1. Which residues, taken from region 32-62, are surrounded by 13 or more Cβ atoms within 10 Å (Cβ to Cβ) and within 17 Å of residue 90 (Cβ to Cβ)?
2. Return yes or no: is residue 173 more than 11 Å from the ligand (Cβ to nearest atom), assigned to a helix (DSSP H, G or I) and either in contact with a Cys (Cβ under 9 Å, 6 or more places away or on another chain) or modelled with pLDDT of 95 or more (or both)?
3. If you go through region 143-160 one residue at a time, do you hit one that is within 12 Å of the ligand (Cβ to nearest atom), assigned to a helix (DSSP H, G or I) and surrounded by 15 or more Cβ atoms within 10 Å (Cβ to Cβ)?
4. Only one residue in 175, 169 is among the aromatic types (Phe, Trp, Tyr), under 21 Å from residue 18 (Cβ atoms) and surrounded by fewer than 19 Cβ atoms within 10 Å (Cβ to Cβ), so which one is that?
5. Looking at (1) within 13 Å of the ligand (Cβ to nearest atom); (2) under 23 Å from residue 69 (Cβ atoms); (3) in contact (Cβ under 8 Å) with a residue 60 or more places away in the chain; (4) not charged (D, E, K, R), can you tell me which one residue 167 breaks?
6. Does any residue of region 9-22 turn out to be within 15 Å of the ligand (Cβ to nearest atom), among the acidic types (Asp, Glu) and closer than 21 Å to residue 183 by Cβ?
7. Could you list, in sequence order, the residues of region 119-142 that are surrounded by 15 or more Cβ atoms within 10 Å (Cβ to Cβ) and free of Cβ contacts under 8 Å to residues at least 24 places away in the same chain?
8. Take residue 120 and decide whether it is of a type in the set (S, T, N, Q) and over 20 Å from residue 104 (Cα atoms).
Amino acid sequence: MVVLISGSGTNLQAIIDACENNKINGQISAVVSNKAGVYGLERAARSNIPTHVLSHKEFDSRDDYDQSLVSIIDKYQPKVVVLAGFMRILTADFVSHYAGKLINIHPSLLPKYQGLDTHQRAIDAKDQEHGCSVHFVTEELDGGPVILQAKVPVFEDDDIDSLSQRVHYQEHQIYPMVVKWMCEDRLTMEQKSNTFSALLD
Ligand code: GRF
């Protein structure tokens with residue numbers, strides 16, 4: 001698989017650990033970041049995984065950026081492309097190129113709270129539960145079919161830090177599990193007219 005990141009890469013680390021402990025029958029061929037100097041790149045280097053930095057600042061358009069991204073990723077012929085905190089909106093061409101192979105983790109119980117600031121929005125809404133979702137990526141931002149979710153309680157005295165920590169812990173449980181299923185060919189994305197669904201074998 002190829003993993004795309006923009007930041008600290010704790011989910012990347014959870015997947016690296018699961019591969020190194022043989023919990024996932026697969027390996028990370030490369031990690032690509034759109035930002036230089038992020039800690040996730042160090043995590044990859046520490047595990048001898050090739051890294052690439054492709055800065056979006058060096059491109060005039062989203063299309064050009066995504067085409068370069070595709071050419072890096074395709075060198076590795078990955079079975080799975082894993083978005084792990086990759087903070088960029090992807091073009092329709094990119095998404096369709098990897099249809100059924102592209103997965104993301106989002107810090108909310110989708111379809112609730114697509115987009116940013118999910119923890120604050122859950123606190124502001126006085127939700128009693130919150131969580132995270134792994135989903136196939138389609139053109140609709142955070143709108144592809146959900147594969148697996150984990151719920152956490154929201155406590156009255158929670159702030160973003162305490163709540164995001166609780167959610168992150170669950171992310172590190174469910175993302176490696178879904179990656180494992182992907183590597184075992186157990187997951188497929190099905191499309192019937194405009195409706196997508198995720199099927200687990
Ligand atoms: C996670 O909260 C994930 O849900 C979101 O970006 C964050 C990445 O965190 N898509 P990390 O870099 O894996 O620690």
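The values are calculated or read from the model by the stated rules, or taken from the named source; none is laboratory data. Note that the structure is predicted; figures quoted are calculated from it, not measured. Cβ placement follows ideal geometry from the backbone for every residue including glycine, while neighbour counts extend to all protein chains displayed.
1. Those that are surrounded by 13 or more Cβ atoms within 10 Å (Cβ to Cβ) and within 17 Å of residue 90 (Cβ to Cβ): 32, 33, 34, 35, 52, 54, 56, 59, 62.
2. The answer is yes for residue 173.
3. The answer is no, given that none of the residues of region 143-160 is within 12 Å of the ligand (Cβ to nearest atom), assigned to a helix (DSSP H, G or I) and surrounded by 15 or more Cβ atoms within 10 Å (Cβ to Cβ).
4. Only one candidate qualifies: 169.
5. (2)
6. yes
7. The one that is surrounded by 15 or more Cβ atoms within 10 Å (Cβ to Cβ) and free of Cβ contacts under 8 Å to residues at least 24 places away in the same chain: 121.
8. yes
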